[in-house]
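The values are calculated or read from the model by the stated rules, or taken from the named source; none is laboratory data. This structure is a prediction, so every number in the text was calculated from the model and none was measured. When we count neighbours, we look across all protein chains shown, and the Cβ atoms used for this are built from the backbone with ideal geometry, even at glycine.
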């Protein structure tokens, strides 16, 4: 059995490091080591996550996907979650999440009888589905509140559109212009699209298609 750490990190490298350290410490406490890391900077609302796809391709039956929170794995709608969960189930992988104690037993060899193992698997599956649904609802609630806030601001004549992230733009320019990173690498490291990199750099660097 191999344990693979999956992170869906924000664009902050510090946040990714914190979560990575938490997973590493948890694995060590349970007598395991992380065999590999897979880190996406993509929304949990989409199935199109390169590192998650790579993880599902690399893992073998009996392996474990270790995550910090269920919402790091999914903010998918019902249909999307069912699809992802089927892929994980078909490969006979276990999901262990730090915020789901019932899942931690997948890293333990203390449960020996089949009945107890089956019961724990059923309970864990139910809890996993519930947390996946909560993660989606939280995403939809935040989007709704954001939309309501924008509508209210527009009605009051206060809406100015999305404020540019000066710190993010500076990071993009540093990666692309100062360090000569490729368009693709700059976008990946900054957690933005290629078009955003092109727009921020404003033609001051060659527009390669890498």
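Things to note:
- Residue in segment 93-108 that is in the same structural domain as residue 52 (by TED's automatic domain parsing), under 15 Å from the mean Cα position of the chain (by Cα) and either modelled with pLDDT under 85 or surrounded by fewer than 17 Cβ atoms within 10 Å (Cβ to Cβ) (or both) present: yes
- Test: residue in segment 79-92 that is within 12 Å of the chain's Cα centre (by Cα), surrounded by 15 or more Cβ atoms within 10 Å (Cβ to Cβ), at pLDDT below 95 and in a helix (DSSP H, G or I): no
- Within segment 55-74, the set of residues being in contact with a strand residue (DSSP E or B) (Cβ under 9 Å, 6 or more places away or on another chain) and more than 16 Å from residue 96 (Cβ to Cβ) comprises 58 only.
- Within the set 117, 143, 136, the sole residue that is farther than 25 Å from residue 27 by Cβ and at pLDDT below 80 turns out to be 143.
- Where residue 67 falls short, out of the listed (1) free of Cβ contacts under 8 Å to residues at least 40 places away in the same chain; (2) within 16 Å of the chain's Cα centre (by Cα); (3) surrounded by 16 or more Cβ atoms within 10 Å (Cβ to Cβ): (1)
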